[in-house]
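The values are calculated or read from the model by the stated rules, or taken from the named source; none is laboratory data. If you're wondering where the values come from, they're calculated on a predicted model, not measured in any experiment. Glycine also receives a Cβ, built like all others from the backbone with ideal geometry; neighbour counts cover every protein chain displayed.
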């Protein structure tokens, strides 16, 4: 069969030289020095994220474009993401079942509208569709959406539940905004951003848009990587350069965010964090497991408790930086 | 048919009519929500099922019931394909059928979970509380019984009754499970890898009627000569025993409580008498091909004599063995005076049932892989054993329970039902259970197939020692009861 053999990641001894790693750290230090002189709109600590009105980072888009056809190869570059479904699907399903108590045997998530932000090839979108939810997957990379659509079109069960759109979250939120008057605030019962926030340019806008598109009481699920020394060592050096669990250059340590910060960010945008749980990847078995420590990967479930106060303010984007600035000085 | 339509319509304008026909089939296909229309495929019906079970015997039907009753699989499309006719049993026939199975308590629990055990007990089944196994070449014997003779050890149920009970249960599940009788499969096609363009990634099954169906998961329950196993090129380790089993229904000389299963190991093979009622028992006599044919030729009286002498006569014992056996027994009784049980003799046989005796060849087989992408084997298709331990059907029911639980969990996790991950788990779990059992049965068969003194001595001592150790016997019974 060769399956068990294929599942183990290739452990080539392709160790990047220390100079390259050191270079990366010096670049980071230089960038942070530059940022200090710039006017920034994010909280006091140094961050590599630039102030922008879009959450999308063009670098990231370019990187994922080249990998667009490889999403569904279960032993390929995205093997770890396929394996992560064993944790994230039950996490999402069980938390949603706790909130919505109606039971539909066979289709536990029937009647729920879910938005999968940064769906990529639809790895997480498809299982949720199979569980009966009405899922919309969005991703800025057009090729990934093409792959996702092709893959889901083969299965007759998925055709009705799952649809994809090449769009960013802000574009979607803007559309929702226009339709709001007729349909009321927010359209989705749940928004999922799995392995996404570490690739975004602007987290404030992201949190704001999530709030906009969610119904009151709706759930937000995020899985991402913590910003610690351990996550640098294991998440970048080991995972990318040593064991090639993840294609090299996928992650930028500067964009990682700790659960505490993420919680703070979300709470200032009208969310209440319900649970945070650590995840651990075992490269030998190729499987994920829950763990107490959130030092590397973690999953977070938050619930929208109020409409973002900023939505009440009319006006265009020019008012936003000031509002964020206000929050920063008060926070 | 196609040509005729075309020809007649040719007079009305060939092009227009052909287009209309194509549109018609396209409409039919799209109304079912199928994909094949994209590929311009108008091979008629091409429904995609979630699970197809090939083979409607005891194990296949049990699998269909089990999946159909699972709450996580509600709304899924399940199809059972059976080449034979539907076996309905409105009234239990007076005469016992000759093929029976020993159903362990574990299997009874599984059958009760799928709602079939109730039907079986209402129809006919015989629980037995004790089993005596002894050697023809020595005095050694071993008895298995539950402590106080209150609990049942296992049940003897006719195969026809099991299938009829399962069929009845399937009738009540007709919303979830569709059954196609008299549908023989002529071809299976591998799922193509998803990367290939324009490929249909499901398993394609072609029936003799020309119909094709597709499925996300194919379960092969089509017996020891499994076509599924063959077509998917799964390597099998198998060999034929040089033995055939003769089966018949026996009438006992006088009515008795008849709750004991008897098995005696003759040098030519084991002979077993399994209780069916107070006056009747089932015979399973595994012996060499030649002897089996001879037995079938005998008239009734001679056949009955042969059976009785097989159970009662002691001519195979040599003095050496007898002395050694009694010495050893003496030694053991000093160590454990209370253990051990006296040898009992089975009831004598007076006649045989109205249905004629049948013989069938015996062999052992084990598929080295139980699974492939989108394919799983259960029951005799995956493993075939000698009937001497009465475990064949029980292993199959164990497969059913394991695979159902894993498929159910996969569905609850939103997974593709044909994905390798949970199928690999099924294979690992069942191989871990089945292989030791098969090895033990094969070992027993080999050990008891010879007259040679060393082997006889070994098994004599082994049997006597095991008989004296209740803890070990309990372990054996527990393992066989799962």
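Only residues that are within 14 Å of chain A (Cβ to nearest Cβ), at pLDDT 95 or above and out of contact with any strand residue (DSSP E or B) (no Cβ under 8 Å at 6 or more places or on another chain): list them for the range B:370-409, please.
Within the range B:370-409, B:406, B:408, B:409 qualify.
Filter the range A:60-79 for residues that are more than 13 Å from residue A:122 (Cβ to Cβ) and buried (at least 20 other Cβ atoms within 10 Å of the Cβ); which is nearest to the other protein chains (Cβ to nearest Cβ)?
A:64
Are there any pairs with C-beta distances below 6 angstrom linking a residue in the range A:96-113 that is facing another protein chain (nearest Cβ under 8 Å) to a residue that is assigned to a loop (DSSP other than H, G, I, E, B), with the two at least 6 apart or on different chains, and if so which?
Going by the 6 Å Cβ cut-off, the qualifying pairs are A:105/B:74; A:106/B:74; A:106/B:75; A:107/A:132; A:108/A:131.
Out of the range B:259-279, which residues are in contact (Cβ under 8 Å) with a residue 40 or more places away in the chain and more than 16 Å from residue B:311 (Cα to Cα)?
Correct list: B:259, B:276, B:277.
Residue A:82: assigned to a loop (DSSP other than H, G, I, E, B), within 14 Å of another protein chain (Cβ to nearest Cβ) and either at pLDDT 80 or above or in contact with a strand residue (DSSP E or B) (Cβ under 9 Å, 6 or more places away or on another chain) (or both), yes or no? Reasoning before the result, please.
Details: assigned to a loop (DSSP other than H, G, I, E, B): no; within 14 Å of another protein chain (Cβ to nearest Cβ): yes; either at pLDDT 80 or above or in contact with a strand residue (DSSP E or B) (Cβ under 9 Å, 6 or more places away or on another chain) (or both): yes.
No, not satisfied.
Quickly run through the range A:214-238 and pick out the residues that are surrounded by 24 or more Cβ atoms within 10 Å (Cβ to Cβ), closer than 18 Å to residue A:92 by Cβ and over 15 Å from the mean Cα position of the chain (by Cα).
Listed by number, the residues that qualify are A:214, A:218.
If you check residue A:193 against the conditions, is it within 14 Å of another protein chain (Cβ to nearest Cβ), under 23 Å from residue B:413 (Cα atoms) and crowded, with 20+ Cβ neighbours inside 10 Å?
So residue A:193 fails the test.
Name the one entry in A:178, A:195 that is out of contact with any helix residue (DSSP H, G or I) (no Cβ under 6 Å at 6 or more places or on another chain) and modelled with pLDDT under 90. Lay out the reasoning, then the answer.
Working: A:195 fails: modelled with pLDDT under 90.
A:178 is the lone residue from the list that is out of contact with any helix residue (DSSP H, G or I) (no Cβ under 6 Å at 6 or more places or on another chain) and modelled with pLDDT under 90.
Within the range B:410-422, work out how many residues are facing chain A (nearest Cβ under 10 Å) and in contact (Cβ under 8 Å) with a residue 60 or more places away in the chain.
Qualifying residue count for the region: 4.
Is one or more of the residues making up the range A:67-78 at pLDDT 80 or above and in a helix (DSSP H, G or I)?
Yes, that holds for at least one residue.
Listed residues B:228, B:213; which is over 30 Å from residue B:305 (Cα atoms), within 14 Å of chain A (Cβ to nearest Cβ) and in contact with a strand residue (DSSP E or B) (Cβ under 6 Å, 6 or more places away or on another chain)?
Only one candidate qualifies: B:213.
Can residue A:257 be described as under 18 Å from residue A:85 (Cβ atoms) and touching a strand residue (DSSP E or B) at 6+ places or on another chain (Cβ under 7 Å)? Outline the logic, then answer.
Details: under 18 Å from residue A:85 (Cβ atoms): no; touching a strand residue (DSSP E or B) at 6+ places or on another chain (Cβ under 7 Å): yes.
The answer is no for residue A:257.
Go through the range B:305-321 and report how many residues are within 18 Å of residue B:285 (Cα to Cα) and touching a helix residue (DSSP H, G or I) at 6+ places or on another chain (Cβ under 8 Å).
The number of residues fulfilling the criteria is 1.
So which residues in the range B:71-80 are at pLDDT below 95 and within 14 Å of residue B:50 (Cα to Cα), if there are any at all?
In the first step, residues of the range B:71-80 are kept if they are at pLDDT below 95; the result is B:71-77.
Hits for the range B:71-80 are B:72, B:73, B:74, B:75, B:76, B:77.
Out of B:60, B:84, B:44, report the one residue that is within 42 Å of the chain's Cα centre (by Cα), closer than 29 Å to residue B:184 by Cβ and at pLDDT 95 or above. First the steps, then the outcome.
Working: B:84 fails: at pLDDT 95 or above; B:44 fails: at pLDDT 95 or above.
Selected residue: B:60, the only one of B:60, B:84, B:44 that is within 42 Å of the chain's Cα centre (by Cα), closer than 29 Å to residue B:184 by Cβ and at pLDDT 95 or above.
Could you run through the range A:114-133 and say how many residues are more than 14 Å from chain B (Cβ to nearest Cβ) and over 21 Å from residue A:66 (Cα atoms)?
So the count comes out to 1.
Would you pick out the residues in the range B:141-160 that are at pLDDT below 80 and under 25 Å from residue B:447 (Cα atoms)?
The answer is B:145, and nothing else.
Conditions (1) surrounded by fewer than 19 Cβ atoms within 10 Å (Cβ to Cβ); (2) in a strand (DSSP E or B), marked per residue:
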residue: B:250; (1), (2): no, yes
residue: B:261; (1), (2): no, yes
residue: B:271; (1), (2): no, yes
residue: B:290; (1), (2): yes, no
residue: B:293; (1), (2): yes, no
residue: B:302; (1), (2): yes, no
residue: B:307; (1), (2): no, no
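So, of the residues in the range A:135-146 that are under 19 Å from the mean Cα position of the chain (by Cα) and farther than 17 Å from residue A:194 by Cβ, which turns out to be nearest to the other protein chains (Cβ to nearest Cβ)?
Going residue by residue through the range A:135-146, those that are under 19 Å from the mean Cα position of the chain (by Cα) are A:135-145.
Imposing the further condition that a residue be farther than 17 Å from residue A:194 by Cβ reduces the set to A:142-143.
On the way: A:142: 19, A:143: 15 Å.
Residue satisfying both the conditions and the ranking: A:143.
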